[in-house]
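*Asks:* Starting off with a structure, shown below.
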Amino acid sequence: MSDSTVKAFWQNFLGSSPVWYKQTIIVFLLMNPILLMLAGPFITGWALIGEFIFTLALALRCYPLQPGGLLAIQAVLLGMTSPEMVFKETLANFEVILLLMFMVAGIYFMKEMLLYVFTKILLKVKSKVLLSLLFSLVAAVLSAFLDALTVTAVLISVGVGFYSVYHKVASGKGLGHADHDPSQDDAVQEHNREDLENFRAFLRSLLMHGAVGTALGGVCTLVGEPQNLLIATVADWDFITFVTVMAPVTMPVLVCGLITCVLLEVSGKFGYGAKLPPRVREVLEEFEEKEASQRNSRTNARLVVQAAVAGILVLALAMHWAAVGLIGLMVIVLLTAFNGVVEEHQIGHAFEEALPFTALLVVFFAIVAVIHDQHLFTPVIDRVLAMEADVRPAMFFLANGVLSMISDNVFVATVYISEVKAALDAGDITRAEFNQLAIAINTGTNLPSVATPNGQAAFLFLLTSAVAPLIRLSYGRMVIMAFPYTLVLGSVGLLCVSLFI
C-alpha cells in the first residue's frame with residue numbers, strides 16, 4: 001500500500017479531528033486488549049469508562065458517537081458485554097429513545113412561537129439576575145410536571161434562535177438574509193467580535209441555569225426523571241406520596257439552588273454574570289420589530305396553532321396520556337398538518353438535531369452494559385449495604401451521587417433500588433429502612449449528578465446539541481459552571497437526608 005493511500009486512510013479516520021486526538025483513540029483501542037489480558041475485565045472496564053468520558057469531554061473536537069462507538073464495539077468484541085445485554089439496556093430505555101426521536105422534532109416545529117415568547121421575555125426583563133432566576137425556576141417547574149429532556153430541548157431551540165439572529169448581523173448580513181451558517185465565524189466583523197463573545201457568555205450562563213433548574217424540579221415528582229418512576233413503582237408510591245416523602249430533601253435543595261443562581265449572577269464567579277451587550281439588545285429589538293411588521297394572517301395563524309399545540313402538549317404530559325415520545329409524535333402531526341409543512345425534506349430537518357444524540361445514547365447504553373456485566377459498581381454497593389442502619393441513608397446518597405457522576409443516573413438507581421428491594425424481601429431491612437434508602441437513592445442520583453454532563457441525560461443532550469459549539473460550551477466548561485451547584489445541591493441534599501430521613 002503506497003504512502004499516499006495510507007495517508008488518505010489516516011486523514012479520513014475521524015475526519016478533521018486533531019492528530020493527537022486520533023492518536024489517543026488508537027492508543028485506547030490498542031491498549032484495551034492488552035489490559036484485559038494483564039489486569040482482567042474489572043480494571044479494563046473502569047479504563048473503558050475513563051476513555052468514554054474522555055470522548056465526551058472533547059465533544060467539541062470530535063462528536064463522541066464515532067470514537068465512543070469504536071470503544072463500545074471493541075468492548076463487545078472483547079467479550080466484556082454481549083449484543084444481547086446492549087439490546088436489553090437499550091430496550092429498558094426505549095421511552096427515552098422515543099422521546100428524543102419525536103419530542104425534540106416536535107419542539108423544532110414550535111420554535112417560531114418559542115422565539116417570539118422568549119424574545120419578549122429577554123427584552124422586557126432587563127435584570128440579568130431576575131432573568132436567570134426566571135429561567136431556572138421555570139425550568140424547575142416545567143421539569144417537575146413534564147420532562148427534563150423536553151424542557152432542555154426548548155432551551156436549546158431558544159438558544160440557537162437567539163444566537164443565529166445576532167450572528168447573522170455580526171457577520172455583516174441583514175436580518176432578512178436567508179442562507180446563513182452561524183457555526184462559521186470567518187465573516188464576523190472585527191468590531192462585533194467582543195460583543196459576540198459576551199453574548200456567548202450570556203447565553204451559556206442562562207442555559208446552564210436552566211439545565212440545573214431541570215434537575216431541581218425533576219427530583220421533586222414521580223414524573224420528573226425516568227428513575228423517579230422506577231423507584232416509585234418499586235416502592236409502591238403514588239404521585240402525592242412521592243412528592244410528600246421527598247419534600248424534606250427536595251424543597252430545601254430547591255430553595256438553596258435558586259439562591260445559588262442569584263449569588264452566582266451577583267458575584268460573576270464560575271463563568272456566570274455576563275450581561276446582554278447593548279448592541280445585541282438593539283439587534284434583537286430590531287428583529288422583534290421586523291418580525292412584527294412582517295406578520296400577516298398566516299404567520300399569526302401559525303403562532304396560534306403552535307400555542308394551542310403547546311397547551312395540548314403540557315396537558316398531555318401532565319396527565320400522562322401516553323409515553324412522552326408518542327406525545328411528541330402527536331405534536332409533530334398536529335403542527336405540520338395545521339401549519340402546512342407537508343414536504344418530506346421540510347420534515348427531515350426537524351430530526352437532524354436529535355438522531356445523532358439518540359445514536360450516542362445507545363452507545364452509552366453499551367458502556368452501561370459493560371458496567372452491568374462486569375459488576376463494576378458491586379464493591380461499592382456491597383460496602384454501603386454492610387454499613388450501620390443510622391448512617392446508611394447518607395452513605396447511599398453519597399454513593400449514588402458519585403456513581404451517577406461517572407455513569408448514567410437511571411442505571412445507578414436501577415441497580416441500587418433492585419438491591420434494596422431484594423434486601424427488604426429477604427427480611428434484612430424493615431419497610432421504614434427501605435423507604436429511607438429509596439429517598440436517598442432518588443435524591444442521590446438526581447442532585448450530585450449535575451456535576452458532569454454524563455451524569456444526566458439532559459446535560460449530555462445540551463453538551464452534544466447544536467447550541468454547544470456555537471456558544472463554546474465544552475465538557476470542561478460545563479463541569480466548572482456546574483461545580484457551585486454540585487457543591488450546594490450535594491451538601492444540602494446530604495444534610496437533609498442525614499437530618500430528616
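The values are calculated or read from the model by the stated rules, or taken from the named source; none is laboratory data. What you are looking at is a predicted structure, and each value in this text was computed from that prediction instead of being measured. Reconstructed Cβ throughout: ideal geometry from the backbone, glycine too, with neighbour counts over all protein chains shown. Ligands, DNA and RNA are excluded from the accessible area calculation, which covers all protein heavy atoms including side chains. Shrake-Rupley method; radii C 1.70, N 1.55, O 1.52, S 1.80 Å.
*Asks:* Would you check which residues across segment 107-141 are without any contact (Cβ under 8 Å) to a residue 12 or more places away in the chain, over 28 Å from L355 (Cα atoms) and not hydroxyl-bearing (S, T, Y) and list them?
*Replies:* Within segment 107-141, K124, V125, K126, L130 meet the criteria.
Every residue, every condition in (1) surrounded by 13 or more Cβ atoms within 10 Å (Cβ to Cβ); (2) in contact (Cβ under 8 Å) with a residue 12 or more places away in the chain, yes or no:
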residue: F9; (1), (2): no, no
residue: I43; (1), (2): yes, no
residue: F52; (1), (2): yes, yes
residue: A59; (1), (2): yes, yes
residue: P67; (1), (2): yes, yes
residue: E89; (1), (2): yes, yes
residue: M101; (1), (2): yes, yes
residue: A105; (1), (2): yes, yes
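*Asks:* Can I ask one more? Just a yes or no: is a residue in segment 340-349 surrounded by 16 or more Cβ atoms within 10 Å (Cβ to Cβ) and out of contact with any strand residue (DSSP E or B) (no Cβ under 8 Å at 6 or more places or on another chain)?
*Replies:* Checked against the condition, which is being surrounded by 16 or more Cβ atoms within 10 Å (Cβ to Cβ) and out of contact with any strand residue (DSSP E or B) (no Cβ under 8 Å at 6 or more places or on another chain), segment 340-349 yields no hits at all.
*Asks:* Among the residues of segment 188-223, how many are outside any helix (DSSP H, G or I) and either buried (at least 24 other Cβ atoms within 10 Å of the Cβ) or not hydroxyl-bearing (S, T, Y) (or both)?
*Replies:* Result for segment 188-223: 6.
Yes/no per residue for (1) assigned to a helix (DSSP H, G or I); (2) over 29 Å from N300 (Cβ atoms); (3) hydroxyl-bearing (S, T, Y); (4) open to solvent by 10 Å² or more (accessible area, probe 1.4 Å):
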position: L114; (1), (2), (3), (4): yes, no, no, yes
position: F118; (1), (2), (3), (4): yes, no, no, yes
position: L122; (1), (2), (3), (4): yes, no, no, no
position: L130; (1), (2), (3), (4): yes, yes, no, yes
position: S157; (1), (2), (3), (4): yes, no, yes, yes
position: K168; (1), (2), (3), (4): yes, no, no, yes
position: K173; (1), (2), (3), (4): no, no, no, yes
position: D181; (1), (2), (3), (4): no, yes, no, yes
position: D185; (1), (2), (3), (4): no, yes, no, yes
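*Asks:* Here's something else I'd like to know. Is it true that T443 is among the hydroxyl-bearing types (S, T, Y), surrounded by fewer than 24 Cβ atoms within 10 Å (Cβ to Cβ) and at pLDDT 85 or above?
*Replies:* no
*Asks:* Name every residue in segment 408-426 that is crowded, with 24+ Cβ neighbours inside 10 Å and among the polar types (S, T, N, Q), in order of residue number.
*Replies:* Answer for segment 408-426, where residues must be crowded, with 24+ Cβ neighbours inside 10 Å and among the polar types (S, T, N, Q): just N409.
*Asks:* Here is a further query. Out of (1) closer than 21 Å to S498 by Cβ; (2) surrounded by fewer than 24 Cβ atoms within 10 Å (Cβ to Cβ); (3) of a type in the set (F, W, Y), what's the single condition that is false for F396?
*Replies:* The one condition F396 does not meet is (2).
*Asks:* In addition: For the list (1) open to solvent by less than 50 Å² (accessible area, probe 1.4 Å); (2) on the phi < 0 side of the Ramachandran plot, I need the number of the one condition that G268 fails.
*Replies:* Here G268 clears every test but (2).
*Asks:* Can you confirm whether segment 134-142 contains a residue that is among the hydrophobic types (A, V, I, L, M, F, W, C), surrounded by fewer than 17 Cβ atoms within 10 Å (Cβ to Cβ) and out of contact with any Asp or Glu (no Cβ under 8 Å at 6 or more places or on another chain)?
*Replies:* Looking for residues that are among the hydrophobic types (A, V, I, L, M, F, W, C), surrounded by fewer than 17 Cβ atoms within 10 Å (Cβ to Cβ) and out of contact with any Asp or Glu (no Cβ under 8 Å at 6 or more places or on another chain), one finds at least one in segment 134-142, hence yes.
*Asks:* Examine segment 458-469 for a residue that is modelled with pLDDT of 80 or more, under 20 Å from T250 (Cα atoms) and in a helix (DSSP H, G or I), and state whether such a residue exists.
*Replies:* Checked segment 458-469: at least one residue is modelled with pLDDT of 80 or more, under 20 Å from T250 (Cα atoms) and in a helix (DSSP H, G or I).
*Asks:* Could I ask something else about it? Any residue in segment 356-381 that is without any contact (Cβ under 8 Å) to a residue 12 or more places away in the chain sitting within a Cβ distance under 7 Å of a residue that is open to solvent by 10 Å² or more (accessible area, probe 1.4 Å)? List the pairs, counting only those 6 or more apart or interchain.
*Replies:* Hits for this filter: zero, empty list.
*Asks:* Hey, can you tell me all the residues within segment 325-351 that are in contact with a helix residue (DSSP H, G or I) (Cβ under 9 Å, 6 or more places away or on another chain) and either within 15 Å of A92 (Cα to Cα) or not in a helix (DSSP H, G or I) (or both)?
*Replies:* G325, N339, G340, V341, V342
*Asks:* Kindly list the number of the only condition in (1) over 23 Å from the mean Cα position of the chain (by Cα); (2) more than 30 Å from Y272 (Cβ to Cβ) that fails for S127.
*Replies:* Of everything listed in (1) over 23 Å from the mean Cα position of the chain (by Cα); (2) more than 30 Å from Y272 (Cβ to Cβ), S127 misses just condition (2).
*Asks:* Starting from segment 428-439, take each residue that is over 11 Å from M246 (Cα atoms) and list its partners that are modelled with pLDDT under 85 and open to solvent by less than 10 Å² (accessible area, probe 1.4 Å), counting only C-beta distances under 7 angstrom and pairs at least six apart or across chains.
*Replies:* F434/V420; L437/V420
*Asks:* Out of T299, T260, I need the residue that is open to solvent by less than 70 Å² (accessible area, probe 1.4 Å), of a type in the set (S, T, N, Q) and under 24 Å from the mean Cα position of the chain (by Cα). Which one?
*Replies:* T260
*Asks:* In segment 69-81, what residues are exposed (fewer than 14 other Cβ atoms within 10 Å of the Cβ) and over 27 Å from N12 (Cβ atoms)?
*Replies:* Scanning segment 69-81 gives a single hit, G79.
*Asks:* Give the number of residues within segment 299-324 that are part of a helix (DSSP H, G or I) and closer than 22 Å to A144 by Cα.
*Replies:* Residues in segment 299-324 being part of a helix (DSSP H, G or I) and closer than 22 Å to A144 by Cα: 14 in total.
*Asks:* Still on this model: Tell me which residues, restricted to segment 224-245, are outside any helix (DSSP H, G or I) and not aromatic (F, W, Y).
*Replies:* G224, E225, D236, D238
*Asks:* V497 is checked against (1) surrounded by fewer than 23 Cβ atoms within 10 Å (Cβ to Cβ); (2) farther than 27 Å from G50 by Cβ and fails just one. What number does that condition carry?
*Replies:* (1)
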